[in-house]
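> Structure below; questions to follow.
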Amino acid sequence: MKRPFFTKFAQLAAVAVLSATASIAQQAPPPSGLNPTALELFHQPADTWPTYNGDYSGRRFSAIRQITQQNITDLKIKWKYTITGIPPLRGSGPLIIKSTPLMVHGVLYFTIPDHVFAVDARTGKEKWRFDFEDHGGHVLGQRGVGMYGKWIYFLTPDGWFISLDSETGKERWRKKVADEKLQYFTTMAAVIVKNHVIIGVGGDAMDVAGYLESRDPDTGEMQWRWWSEPQKMGDPGSETWPNEQSMRHGGGMTWLPGTYDPELNLIYWGTGNTNPVFAGQGRKGANLYTDSIVALNPDTGKMVWYFQGSPHDTHDWDNVETPVLFDMEIDGKPRKLLAQAARCGYFFVLDRTNGKYLVSKPFTKTANWSKGIDERGQPIPDPDKEPKVDGSMVDIASNGATNWPPPSYSPQTKLFYVNATEGYSVAYLYDTSPQPEGYGGGSSGAFDTHSSLIALDVLTGDVRWKHIPKGRGAEGGGMSGGILTTAAGLLFTGDSDRLAAFDATAGKILWSQKLDHHVSNGPSTSVLDNKQNIIVGAGDTLYALTLDGK
Amino acid sequence: MAAQEPELHSQPQQNGRQPDRSHIFLGLGRVPDAAAAKRGEGLYQQNCQACHGAKARGGIGPNLVRSVLVLHDDAGEEIGPFLKEGRPQSGMPSFAQLTDTQRTDIAEYLHMEIELAANRGLYKHSGEMTSGNVEKGRQFFAAHCASCHSTTGDLKEIGAKYSQPAAMLARIAWPENRGPRQATVTTPDGKALTGVLEHYDDFDTTLKISNGSTTTWPTDTVKVSIPDKLEGHRALLPKYTDDDLHNLTRYLLTLK
């Protein structure tokens with residue numbers, strides 16, 4: 001579809017949508033804030049970045065096309081905002097922006113652990129800041145906020161779910177949603193689906209069970225909770241665990257924002273690694289529904305289908321990476337699809353109506369930890385590649401083939417883009433007891449390891465192109481952060497200490513801008529005062545870039 | 001090190017974890033008192049182990065390392081009174097005969113077991129191998145390594161230098177010395193310069209030559225040749241079985 005990169009019409013249309021919904025609800029429109037109807041499956045309002053992924057699909061593809069392959073050389077920094085006055089976070093070193101800012105009515109809302117920032121998108125000046133003092137939990141990341149009307153939702157390291165007024169940053173209420181004493185912690189950006197605020201949890205140090213919750217946007221009260229494991233022996237899925245004890249301590253955290261298809265009324269969520277993390281001897285079986293993609297009804301929390309990406313995981317391969325939704329015609333038939341580049345090194349393309357697979361294929365090396373795939377397309381783990389006391393080598397890098405930084409799918413190129421790590425690592429078993437606890441082992445080694453930006457054909461899972469950055473750690477090279485693609489055929493991501501733009505079709509670098517740190521979040525884009533802005537976080541600094549820097 | 005750790009790709013993996021930092025990072029609260037935990041271990045074995053199992057991981061009684069009550073206790077203020085009272089209705093006897101200090105010591109032992117499970121910064125590689133065969137390692141070495149390496153030359157006494165098995169295995173698989181590499185840069189005007197690559201990425205190439213001077217070029221204007229010293233190791237990585245690696249490790253550990 002050809003569409004001017006931004007128009008008055010688009011802005012008027014956005015206003016019209018807001019008014020229409022308000023009149024349906026028979027109440028005055030909120031003075032500011034985000035109407036939930038701004039959230040759509042495949043469309044981002046041009047002047048807004050309304051949710052972690054920009055729209056419900058998780059494609060991180062923007063139709064805005066003011067910045068093109070021809071004029072990209074004019075793209076310059078308009079302002080930068082550096083966080084000041086906050087000391088390094090407990091045990092976690094320098095401040096790093098991992099959140100994708102929301103952009104609503106000219107204000108950017110973003111986070112680091114314990115802190116929320118509202119920054120004027122025109123000037124880069126701080127509007128307000130919310131500071132929280134935690135009493136435990138991990139402070140290694142915070143993905144951002146969710147927004148419903150004028151209200152902001154934020155999760156703290158120690159499991160507080162807090163609602164703030166987006167105008168002032170003042171706290172409205174807080175609810176405890178996770179117990180940090182049991183080593184749960186909360187880092188994700190809440191996902192708003194109708195009148196549900198969907199939040200997940202992290203935490204795999206003490207063998208707790210993962211869950212996903214829906215909370216009321218007005219009161220913060222729980223609407224439903226879905227557990228990552230069956231609750232008792234005899235329930236569906238319990239046959240993949242040896243006993244209830246192991247099942248109820250099996251992990252499966254829900255720590256990244258999922259995606260949503262309003263037509264099918266299904267949310268798609270990835271679940272994290274199984275516990276104990278590296279020691280699988282006390283939990284023989286596939287260990288459902290850890291390390292899976294699950295489709296849930298957002299009104300009830302009931303599971304409709306699942307697909308397990310890393311059955312009986314013994315390598316810390318959280319399967320939480322964004323399940324990206326897209327539509328495509330295959331053999332003349334329109335299909336509703338979902339794709340995920342998983343940390344275990346497999347690329348999956350599924351029919352999102354039922355979870356049936358179209359593609360299940362390694363995307364880095366051979367994924368030698370698996371003996372192929374089963375009839376549902378799920379990898380079959382090789383027992384001989386579980387961690388050993390003397391080490392067991394896999395052709396997946398130590399931290400997985402990819403991780404949380406958001407991938408992108410472009411409907412123009414029909415390619416799925418992911419920043420990956422390729423290499424070998426060795427997994428060790430430390431806890432050899434029949435009832436291991438915690439991690440029980442570890443992964444080490446960075447053998448022939450390098451990063452790469454990989455473009456995958458969604459029909460075949462073949463690598464269409466791959467960019468391996470020159471240099472390596474000690475010298476400066478490496479891909480970093482998430483990916484944004486646009487209708488102008490551009491792909492934005494971090495390369496070395498720069499924000500770089502690639503030709504999304506050919507994989508050539510077209511432009512770059514040096515930043516003070518590595519790109520550390522997913523780049524985003526929206527239109528402000530008729531100018532396309534690229535927003536990116538790098539370390540403790542947020543940048544806005546426009547053509548000519550104006 | 002943690003499930004969510006993003007690892008900015010260009011940063012090398014850090015080995016040699018700092019226990020203190022990992023304890024703080026994980027938000028594990030108070031560090032258990034090792035002396036009290038040691039005293040508590042004996043008391044645990046006498047009074048608790050029969051029901052709660054070795055290392056408190058459960059038997060006919062519940063697992064105490066994962067117990068919500070124990071995890072919510074800070075320094076015996078929950079566990080102490082609980083032990084004194086017991087929970088007779090569910091078969092947990094009272095331990096009123098123990099002193100307050102003894103009950104606190106048992107609590108401290110449980111906190112130490114939690115620390116050892118939860119704080120992965122304290123995990124250690126085994127110092128002893130459980131598998132591997134010296135003779136098979138020798139044969140593998142002769143077939144795949146001896147064209148470049150010698151056990152009486154460059155690898156003489158390598159087993160003394162890397163005596164810990166996991167360290168030896170890592171050295172065998174990928175003996176890379178991290179840090180800037182030697183390279184030859186062919187400049188835009190066709191000159192070939194050899195030196196140390198101080199910076200190298202998709203955009204800038206900086207070379208330091210022997211007289212100490214450095215020059216930076218846009219990477220797309222130069223040709224950079226870096227000798228691949230690890231070619232042989234790279235070729236072996238996809239071929240090793242775990243047995244091969246264990247056999248080689250065993251064998252090279254004997255070279256002391």
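The values are calculated or read from the model by the stated rules, or taken from the named source; none is laboratory data. Since we're looking at a predicted model, the values are computed, not measured. Neighbour counts run over all protein chains shown; Cβ positions are idealised from the backbone, glycine included. These accessible areas exclude ligands, DNA and RNA; they are computed on the full protein's heavy atoms, side chains included. Shrake-Rupley method; radii C 1.70, N 1.55, O 1.52, S 1.80 Å.
> If N is the number of residues in chain B, what value comes out of its Cα radius of gyration divided by 2.2 N^0.38 Å?
Values: Rg = 27.8 Å, N = 256, 2.2 N^0.38 = 18.1 Å.
Output field value: 1.54.
> Follow-up question, since we're still on this one. Explain nothing, just compute: Karplus ³J(HN,Hα) = 6.51 cos²θ - 1.76 cosθ + 1.60, θ = phi - 60°, for every residue of the stretch A:392-403 in order, whole Hz, x for Gly and Pro.
So the J values, rounded to whole Hz, are 9, 8, 10, 8, 10, 5, 4, 9, x, 6, 8, 8.
> Which angle between 0 and 90 degrees, to the nearest 10, do you get for helix A:8-24 versus the longest principal axis of chain A when only C-alpha atoms count?
With both axes taken from Cα atoms, the answer is about 70 degrees.
> Taking every pair of distinct Cα atoms and averaging 1/r, then inverting, what Kirkwood hydrodynamic radius in Å comes out for the stretch A:264-383? Mind dumping the intermediate values first?
Numbers: mean 1/r = 0.0685 Å⁻¹.
Mean inverse Cα-Cα distance, inverted, gives 14.6 Å.
> Could you work out [θ]222 nm for chain B from helices alone, using -39500 (n - 2.57) per DSSP H run of at least four and dividing by all its residues? Round to the nearest 500 deg cm²/dmol. List each step's numbers first, then the result.
Details: 11 runs with 98 residues, N = 256.
Calculated mean residue ellipticity at 222 nm is -11000 deg cm²/dmol.
> Oh, and also: Can you pick out the pairs among A:336/A:356; A:80/A:514; A:333/A:356; A:388/B:38; A:388/B:124 whose Cα atoms lie more than 18 Å from each other? Write out the running numbers ahead of the final one.
Working: A:336/A:356 11 Å; A:80/A:514 13 Å; A:333/A:356 16 Å; A:388/B:38 30 Å; A:388/B:124 14 Å.
In this structure, A:388/B:38 lie more than 18 Å apart at Cα.
> Then there is this: Tell me what chain A gives for mean residue ellipticity at 222 nm when only DSSP H runs of n ≥ 4 count, each as -39,500 (n - 2.57), the sum divided by the residue total, rounded to 500 deg cm²/dmol. It would help to have the intermediate numbers written out before the result.
Values: 2 runs with 22 residues, N = 550.
Counting only the DSSP helices, I get -1000 deg cm²/dmol.
> Determine the gain in length on full extension of the stretch residue B:256-residue B:20; use 0.36 nm per residue of separation and subtract their C-alpha separation, reporting nm with one decimal. Walk me through the numbers on the way to the answer.
Details: separation 236, 0.36 × 236 = 84.96 nm, distance 3.36 nm.
Gain in length upon complete extension: 81.6 nm.
> How do A:331, A:540, A:548 rank by accessible surface area computed with a 1.4 Å probe, from largest to smallest?
On the way: A:331 150, A:540 40, A:548 80 Å².
Result of the area sort, largest leading: A:331, A:548, A:540.
> Two-decimal Rg/Rh of the protein assembly as shown from alpha-carbon positions, Kirkwood Rh? Working shown, then result.
Numbers: Rg = 27.2 Å, Rh = 27.8 Å.
Using Cα coordinates only, the ratio equals 0.98.
> Same structure again: Give me the dipole magnitude in Debye, nearest 20, for the protein assembly as shown about the Cα centre, with unit charges on the beta carbon: positive for Lys and Arg, negative for Asp and Glu.
With only Lys, Arg, Asp and Glu charged at Cβ, the dipole is about 1360 debye.
> Moving on. Anyone know which of B:110, B:193, B:71 comes out most mobile in the 10 Å Cα GNM of chain B?
Between B:110, B:193, B:71, it is B:193 that shows the largest mean-square fluctuation.
> How large is Rg over Rh for the stretch A:196-237, taking Rg from the Cα atoms and Rh as the Kirkwood inverse mean of 1/r across Cα pairs?
Details: Rg = 12.5 Å, Rh = 11.7 Å.
Dividing the radius of gyration by the Kirkwood radius yields 1.06.
> Once R0 is set to 30 Å, what does the formula 1/(1 + (r/R0)^6) return for the Cβ-Cβ distance between residue B:192 and residue B:234, expressed as a FRET efficiency to the nearest 0.05? Spell out each step's value before the answer.
Working: r = 25 Å, r/R0 = 0.84.
It comes to 0.75.
> Can you pull the three principal axis extents for the Cα set of the stretch A:67-139, in Å, largest first?
In descending order, the Cα extents are 50, 24, 19 Å.
> Please state, as a whole number in µm²/s, the translational diffusion coefficient that the Stokes-Einstein equation yields for the stretch A:397-550 at 25 °C and 0.890 mPa s, with Rh defined as the Kirkwood radius across alpha carbon pairs. Walk me through the numbers before you get to the answer.
Values: Rh = 17.0 Å.
D, rounded to a whole number, is 144 µm²/s.
> List the trypsin sites (Lys or Arg not before Pro) within the stretch A:323-380 that DSSP assigns to loop and that have no more than 13 neighbouring Cβ atoms inside 10 Å.
Working: sites: A:335, A:336, A:343, A:352, A:356, A:365, A:371, A:376; in loops: A:343, A:352, A:356, A:365, A:376.
Sparse-neighbourhood loop trypsin sites (Lys or Arg not before Pro): A:356, A:376.
> Which length gain, in nm to one decimal place, applies between residue B:60 and residue B:94 when the Cα-Cα distance is subtracted from 0.36 nm times their residue separation?
Working: separation 34, 0.36 × 34 = 12.24 nm, distance 1.68 nm.
Result: 10.6 nm gained on full extension.
> Output the direction-averaged projected area (hull surface divided by four) of the convex hull of the alpha-carbon atoms of the stretch A:330-463, in nm². Before the final figure, lay out each step's value.
Numbers: hull surface 38.5 nm².
Approximately 9.6 nm², given one-decimal rounding.
> Now a separate question. What accessible area, in Å² to the nearest ten, does a 1.4 Å probe give for residue B:150?
40
> List the residues, sorted by chain then number, that are 5 or more residues from residue A:185 or on another chain and whose placed amide H is less than 5 Å from its amide H.
The list, which skips near neighbours in sequence, is A:202, A:203.
> Starting from the Cα-Cα distance between residue B:101 and residue B:139, subtract it from 0.36 nm times their residue separation and give me the gain in nm to one decimal. It would help to have the intermediate numbers written out before the result.
Numbers: separation 38, 0.36 × 38 = 13.68 nm, distance 5.96 nm.
Once the chain is fully extended between residue B:101 and residue B:139, it gains 7.7 nm.
> Straight distance only, please: which lysines reach the Cα of residue B:191 with their own Cα at less than 25 Å, same-chain residues fewer than 8 apart left out?
Cross-link targets: A:470, B:208, B:223, B:229.
> Something else: Just B:111, B:199, B:149 to compare: in a GNM of chain B, with alpha carbon springs under 10 Å, which one fluctuates most?
Answer for the Gaussian network model of chain B: B:199.
> What is the distance, in nm, between label points placed 7 Å from the Cα along the Cα-to-Cβ direction at residue A:300 and at residue A:508?
5.4
> Further question on the same structure: How big is the stretch B:132-233 in terms of Cα radius of gyration and Dmax, in angstroms?
Rg then Dmax for the stretch B:132-233, in Å: 18.7, 56.
> For residue A:42 and residue B:221, what is the calculated FRET efficiency with R₀ set at 30 Å and r taken between the beta-carbons, to the nearest 0.05? Before the final figure, lay out the partial values.
Details: r = 42 Å, r/R0 = 1.38.
That gives a FRET efficiency of 0.10.
> Compute the separation of the alpha-carbon centres of the stretch A:363-401 and the stretch A:85-133 and state it in Å as a whole number.
The two parts, judged by their Cα centres, are 38 Å apart.
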